[in-house]
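Undergrad: Structure incoming, see below.
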Amino acid sequence: MQLITPKELSKNNDKSILILDIRESNRFDEWHIKDSINIDVYSDIWNGNFETVKQKLIQLPKDRRIVTVCNAGVTSQNASMLLESMGYKTLVLEKGMMGWNALHQAADVINEKDLLVKQIIRVGKGCLSYFIGSNSKKECLIVDPSQFIEEYLEIAKDNSFKITGVIETHVHADHLSGANTLANITKTKYYVSSDDLKIKADFIDLKDTGEICIGNNKIKIIKTPGHTDGSVCLLVNDKALFTGDTLFLDGVGRPDLGRNKEVIEKGAKLLFDSLNKIKNLDKNLIILPAHFTNYNNAPIFGKLSDLLNNNQSLKINSEQEFMNYITSNLPMTPPNYEQIKNMNLKRIQFPRQMAEQLEFGPNRCASG
């Protein structure tokens, strides 16, 4: 039985490989690897119904190599052994969807003159974080890092850049932040708005910060409350806008997490005003959000002009119509979001295995 890592699978272009997700159908429907198929044999394997498993799997084509996938890469090993006893060639996805959830890939967005922008795509989670660097100074800022801080340390090292600051566009509720830990390890500046992080701590308050410079690059802080009270966007060299969870390519940030009905309406009004602020910016701006749903090519971005034409939320000019639209198009609540947000607010660091399990699953930060 042979393992394949999430990184190896993401880069594999072999058309003869078939990704088989053996989890329960409801779990598959909620979150799965793109182009994978689902045959639910999870409970059958656990119950020792191996003949039933074989009957369900016999429909698979023999001319393709099967990559088996489960939650943590354990039950899929049993599925792989059964398939190989039936004459199939198989691979097992190492750590299953838990491993896929941790996969990060970097892609260049801008590399010109003094500005280097890299997008770090967390493929399984749908999260995006960023590296903003000065080519002349060999210094960089990290924006919205995940708990997997080793990814950012490695990217900086591979490009011979020193991390001189960590920025959070807001306090997250769908995944655990690595911002405070990364700032501590690199002994550098941590930027976040006190409208979100309402505790006494060592950070630079984006509420009182108009601009951050790195090399010859200027990052303007634009206050865009709505998703959270302290949400900000980052305008870099009047060329790229990092929108956090305020604006996505196909939706906008949800205003409801951790809020009662009255405060949700207030958040929706703030979000409407913040989006109008963005709509009045240069239409040629590159929009770089903190989340995505689907993508075919990296990096993941859009022009503001295209979003104004294609993002339904941005087409609404009436505040009341916007509020009605947003509040009636809210997705399911992210799992464990209250615990995750509380941990991010208190800047608590959990053991990696426990932390990975806590944020397991897709992001659900968009509405509209």
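The values are calculated or read from the model by the stated rules, or taken from the named source; none is laboratory data. Source: prediction; values computed, not measured. As a convention, Cβ positions derive from the backbone with ideal geometry for all residues, glycine included, and neighbour counts pool all protein chains shown.
Undergrad: Being within 22 Å of the chain's Cα centre (by Cα) and surrounded by fewer than 15 Cβ atoms within 10 Å (Cβ to Cβ) is the requirement here; does Asp14 meet it?
TA: Here the answer is no, as Asp14 does not meet what is asked.
Undergrad: When region 17-40 is examined, which residues are found to be acidic (Asp, Glu), surrounded by 12 or more Cβ atoms within 10 Å (Cβ to Cβ), within 22 Å of the chain's Cα centre (by Cα) and over 19 Å from Glu359 (Cβ atoms)?
TA: Asp21
Undergrad: Also, quick follow-up: List the residue pairs whose Cβ atoms are under 6 Å apart, where the first residue sits in region 314-331 and is assigned to a helix (DSSP H, G or I), the second is of a type in the set (Gly, Ala, Ser), and the two are 6 or more positions apart or on different chains.
TA: Matching pairs, first to second residue: Met323/Ala268; Ile326/Ala268; Ile326/Ser367; Ile326/Gly368.
Undergrad: Okay, moving on. Could you tell me which numbered condition Lys283 fails, if it satisfies all but one of (1) closer than 29 Å to Lys11 by Cβ; (2) surrounded by fewer than 18 Cβ atoms within 10 Å (Cβ to Cβ)?
TA: So Lys283 meets the others, but not (1).
Undergrad: Quick one: which residue in Cys70, Cys127 is crowded, with 21+ Cβ neighbours inside 10 Å and within 30 Å of Ser160 (Cβ to Cβ)?
TA: Only one candidate qualifies: Cys127.
Undergrad: Is it the case, given these coordinates, that Ile214 is under 17 Å from Gln349 (Cβ atoms), out of contact with any Phe, Trp or Tyr (no Cβ under 9 Å at 6 or more places or on another chain) and either crowded, with 18+ Cβ neighbours inside 10 Å or assigned by TED's automatic domain parsing to the domain that holds Leu345 (or both)?
TA: The answer is no for Ile214.
Undergrad: If you don't mind, another one. Taking the condition surrounded by fewer than 17 Cβ atoms within 10 Å (Cβ to Cβ) and among the acidic types (Asp, Glu), does Asp229 pass?
TA: no
Undergrad: I've got another one for you. Pairs please, first residue from region 93-111 and touching a residue at least 24 places away in the same chain (Cβ under 8 Å), second anywhere and among the β-branched types (Val, Ile, Thr) and in a helix (DSSP H, G or I), Cβ atoms under 6 Å, 6+ apart in sequence or on different chains.
TA: Ala106/Ile155
Undergrad: Shifting gears a bit: Any chance region 86-102 includes a residue that's basic (Lys, Arg) and not assigned by TED's automatic domain parsing to the domain that holds Val192?
TA: Looking for residues that are basic (Lys, Arg) and not assigned by TED's automatic domain parsing to the domain that holds Val192, one finds at least one in region 86-102, hence yes.
Undergrad: While we're on this one: Has region 225-237 got at least one residue that is over 20 Å from Cys127 (Cβ atoms) and touching a helix residue (DSSP H, G or I) at 6+ places or on another chain (Cβ under 7 Å)?
TA: Within region 225-237, one or more residues are over 20 Å from Cys127 (Cβ atoms) and touching a helix residue (DSSP H, G or I) at 6+ places or on another chain (Cβ under 7 Å).
Undergrad: Here is a further query. Could you identify the single residue in Glu319, Glu359, Glu338 that is surrounded by 14 or more Cβ atoms within 10 Å (Cβ to Cβ), acidic (Asp, Glu) and in the same structural domain as Asp196 (by TED's automatic domain parsing)?
TA: Glu359
Undergrad: Output the residues belonging to region 140-192 that are part of a loop (DSSP other than H, G, I, E, B), over 20 Å from the mean Cα position of the chain (by Cα) and either buried (at least 24 other Cβ atoms within 10 Å of the Cβ) or at pLDDT below 95 (or both).
TA: none
Undergrad: Looking only at region 38-61, which residues are out of contact with any strand residue (DSSP E or B) (no Cβ under 9 Å at 6 or more places or on another chain) and either of a type in the set (S, T, N, Q) or at pLDDT below 95 (or both)?
TA: Listed by number, the residues that qualify are Ser43, Asn47, Asn49, Thr52, Gln55, Gln59.
Undergrad: A further question on this structure: Would you call Gly258 assigned by TED's automatic domain parsing to the domain that holds Ile199, at pLDDT 95 or above and within 24 Å of Lys125 (Cβ to Cβ)?
TA: The answer is no for Gly258.
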